[in-house]
Each structure stands twice: as C-alpha cells, then as structure tokens.
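The values are calculated or read from the model by the stated rules, or taken from the named source; none is laboratory data. Since the model is a prediction, treat every value here as computed from it, not as a measurement. Because the Cβ atoms are built from the backbone with ideal geometry, glycine has one as well, and the counts that use them run over all protein chains shown.
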Amino acid sequence: MRVRQWVEWVVLPFCLVIVVDQISKAWAESNLKSEMVFGPLSLILHYNSGFFLSGFKDASRILTVILPVSLGGFLIYTHIVIQYFIPIASRSLRLGLAIFFAALISNVIDRFRMGAVVDFIAISRGIIQTGIFNIADSLQWVGVALFFYAFVIERNALYPPEDRRGRLWIDSSFQGKYCFTLLFVGASFALISGSLSYSFLSLALNRTGFAIGEHAGFLNTFAVVYMLVCGIFFISLFLVGVRLSHRIVGPVKSFTRFLDDLINGKVSHFKLRNKDEFLHFEELASRFQSLFHENLGMLKPTLEMGMKAPLVKGTTYQGEMIGPEYFEGKKSWIVFYRYATCPLCALHLGQIKDLIKKAQLGGVSVAVIYENLPDKFIKDPNESGKIGELLSSMDIPLIADPDKKLYKLYRTQKNHFGLLSIGAVKAFLAAKKKGYRQGSIDGELSQLPAHFFIDPNGKILSSHYGKNIFDHPSAEKISQFIELKPE
C-alpha cells in the first residue's frame, strides 16, 4: 500500500473513532443528569464496570479493570501486526480492522481513566431491548461487518495461490536463530520493564500505607497479570518471527535453486511472493538469465503473469530521458516493435493509436520501444514519408534501444521464419496501401513484437509474445486491460 492509503484507510479512521467516542462520552458525562427519551432511543448515563452490555459487572476488578488496561498496548501491537501482514490493499478489510480495534482501545481508555466504561445509549422497541452501550460498542459491530464483507468478497485474493510457498518453516537453522533472537530481545525488554514496574509499584504501595498483606497480594496480582501479558506477547512474537524469517529465507533459497537450474542448463522462472523481501532479485534474475542464455545460445523463458516487470530506463528519439517514475504507481502498457522504419510496425501503431489515447485518458502509461538509434527514427520528410508523420504525431515516449538492453530484459523473441506467415504478408500489403513504405533497415528482420500489460505495483498482468512479425494482442484484450480497475 502507498502512504496515502495507509493514512486514509487505517490511521485516520483509527484516530477518528477514538476521538468521536471520547467526545460523545464527555458530552454524556456533562449533560446527562437525568434520562432523555426520544421514542425508542434513550440516553442515560451509566458507568459499566463489567464488559460489553454490563456483563461480568460483579467480577473481580483484576478481570474487569487491570487485565483490559494491561492488554490495551497489546491490542495496538496486534492491530499493527495484522495490518502489516494483510497481503492486499483492501479498503473495506483494513477500514473494518481499524474501526474494530479503535473501538476496543477507546473503551480501554475509559477503564484506564476511571476504572469503568461510560455507556449512555439504550434502545427499546417491542421485543428489541438492548442494554446500555456506547458509540464504541456499536462501531465494533460495524468493523466486524466490514471485515467479514471483505473476507467473503476478497477471500481468494487474501491468500492467492501464486503467493503460497507450501510451508512457513522452510529453514530450521536460519529461522530458529531469527526467532530466538527476537524472543531474546523481547524477553530482555520484558525483564527490564517488569523489574522497573514492580519496584516502582512496591515503593508506591509502601508510601501509601497499604497493609503488608494487601501490599503482597497486590504485587502478586501485578506479577501474574504481567507474566500473562508477556506470555501472550512472546507467542505472537514467535509467530511474527516465523513469518518475517520466511519472507527472508524464502527468496534466498528460491534464488539459489534458480542459479542451480541455470548452471545445469534448465529453463526456469524466478518469481517471488508479493510480500517477500529482496524483490529486486526478480530483475537481477531476469538480467542474469538473459545474459546467460544468450551467451550459451539457449532458449530464454518468457515473462509471465505475476512476475516482476523489469524497470524501463531509456531515451526517446527526441533525447528525452524516460525512467521508472514515468510508470510508478500506474498501469503500464509497454510495446516492443522492430526498427522505426518498419512498415508493419507503423501499420500496427496506426491501428492502435486510438486505443493508446484511450489508455492515456484512463491513466495508463504507454511506451513504445524500437531497436534502432535515435537519429534513425525520422530523417527528412521525403524519406520518412507516412511513417515519419505517424511517429511525429504520437504523444507517447518512443524509446530508442539500439543495444537491445530492454529487449533482453523483457526476453523478447526472434524467429527468421516469422517473415513467412500469411498474416505478415497480408499486413505488408495493407501497409503498402496505407503508404507506409520500407525505409532503411536499421534492425533485425527476425525480431518479433511483444506487448506487456503491467499493474500499478509493477507486476505483469499479462504478456503477449508475437509468433510472427505481425502477431499482436487483439483490440478486445487491450481494451480489457485499459478498463480494468486497479485494486
């Protein structure tokens, strides 16, 4: 998720729920001297020393006050951990969790302030008879409803098959050491914090004149509650350690297997999970594989859906630098043609010109890549003719890649027999009829076209590798990508 989404979907709703609930309770304490009735709705001030709807109000204060207040910080920690590990940018899911945990925390604040929760709302209508509750209580149900709605609608996206590695515990040596280190740090802090709190509380009780028996009992209760909270925290810390170490060791082991396959001459894909560390390994693997296979004359595997798209850096034929910022945070459509004077490439570019405009209006970044030098794009008008007019009219980056670095990163294909297809012959005749005549040949005739449709997170949604020199994705497929709303 981007920073703005974190603020709008998590931080602001969390803070807003607490502020609204606390303001409403302050109003109730100041103004509800007696019961106010508005039809089925009643406003009556009540201090609830129990739990939700006054349950367990006669329970021990250790259960109803000390334990909930002690768990308040743990609730905030739990909320942050859950939000961090959610694998998708789901507004309703994250908003539901933020509202739910904020409502819990707001009630914990009441117990911290006065040892009870301020309730002031009751509904009575026929068989509907609620206990007295507050805004935070009702918002908890709103949060739960949003959570379950998102879970039902987006349950497949929460744990997509491509993100499953099979087991969380995949390297006992590394992960065991990682988790032990986390637990050691957590236990050390708990020991320091517990010692300080216990000694401070003991001194405070001595000065307030507590009887020795009450003094010892209170300190024992504190120790029990503190150890209970620490125990829950240590368990959660271990689970977090397993998950985090899995994200580290998984990519390393996958990259090791990828290198082994490469050395043994196997064609394999290297793909990481969305939340893995070292995501730059995908681009490194792509570059490594391209060079390795090219030097050995081996077939390069194509880029497929879900793989990380290599970064595009280059210069247009007009000298403008194009970098990753042009594509960042937006859907992208990247097209690979042959050289700029290729009549078949010009024919196709003319055919998709309106789709490119539609894509730009929809916020899609479009770039077209050619394999020739910048000064070979458009020469004098007489030589360039219709192709020159077309290229000059395009309002998108036309990138010159004479060294074919981007072609190699995206693993584009070549085929000397691609010229012989019936579709290519028909396209050549159509190009001639349009006035797109062959200029100087400043590239490889065997180079095949390729199209890549990429999501705002830099993942490939789909790729199309041409089987012949005029094999391109259909207009329907391009339109579907343009109209697809990002998550």
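Points to keep in mind about this one:
- Within the stretch 360-392, being under 32 Å from the mean Cα position of the chain (by Cα), more than 26 Å from Lys408 (Cα to Cα) and of a type in the set (Gly, Ala, Ser) holds for Gly362, Gly363.
- Taken as a whole, the structure leaves Lys408 outside the set of residues that are in a helix (DSSP H, G or I), of a type in the set (Lys, Arg) and over 40 Å from the mean Cα position of the chain (by Cα).
- Any hit, the stretch 330-341, residues being over 17 Å from Thr412 (Cβ atoms) and modelled with pLDDT under 90: yes
- The sole residue among Ala187, Ala204, Ala157 that is part of a helix (DSSP H, G or I), modelled with pLDDT under 75 and within 35 Å of the chain's Cα centre (by Cα) is Ala157.
- Residue in the stretch 452-474 that is over 20 Å from Ile369 (Cβ atoms) and not in a loop (DSSP other than H, G, I, E, B) present: no
- For Arg437, the test of being within 24 Å of Asp354 (Cβ to Cβ), in the same structural domain as Ala340 (by TED's automatic domain parsing) and at pLDDT below 90 is passed.
- Test: Phe233 is at pLDDT 90 or above and under 26 Å from Val249 (Cα atoms): no
- Qualifying residue in the stretch 295-309 (condition: within 30 Å of Ser254 (Cα to Cα), among the hydroxyl-bearing types (Ser, Thr, Tyr) and not in a loop (DSSP other than H, G, I, E, B)): no
- Considering the conditions (1) under 30 Å from Glu304 (Cα atoms); (2) at pLDDT 80 or above, Tyr226 is excluded by exactly one of them, (1).
- Being in a helix (DSSP H, G or I), surrounded by 19 or more Cβ atoms within 10 Å (Cβ to Cβ) and either in the same structural domain as His79 (by TED's automatic domain parsing) or free of Cβ contacts under 8 Å to residues at least 60 places away in the same chain (or both) is a description that does not apply to Asp119.
Every residue, every condition in (1) closer than 28 Å to Lys414 by Cβ; (2) surrounded by 14 or more Cβ atoms within 10 Å (Cβ to Cβ); (3) at pLDDT 85 or above, yes or no:
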{"residue": "Leu219", "(1), (2), (3)": "no, yes, no"}
{"residue": "Pro251", "(1), (2), (3)": "no, yes, yes"}
{"residue": "Asp276", "(1), (2), (3)": "no, yes, no"}
{"residue": "His280", "(1), (2), (3)": "yes, no, no"}
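- Top-ranked residue of the stretch 396-405 - restricted to ones that are part of a strand (DSSP E or B) and over 23 Å from Thr302 (Cβ atoms), ranked as nearest to the chain's Cα centre (by Cα): Leu398
- Residue in the stretch 359-377 that is assigned to a helix (DSSP H, G or I), among the basic types (Lys, Arg) and within 21 Å of Gly319 (Cα to Cα) present: yes
- Failed criterion for Phe377 (all others in (1) of a type outside the set (Asp, Glu); (2) surrounded by 21 or more Cβ atoms within 10 Å (Cβ to Cβ); (3) at pLDDT 90 or above hold): (3)
- Among the residues of the stretch 412-422, at least one is crowded, with 18+ Cβ neighbours inside 10 Å, over 38 Å from the mean Cα position of the chain (by Cα), closer than 15 Å to Cys342 by Cβ and in the same structural domain as Phe336 (by TED's automatic domain parsing).
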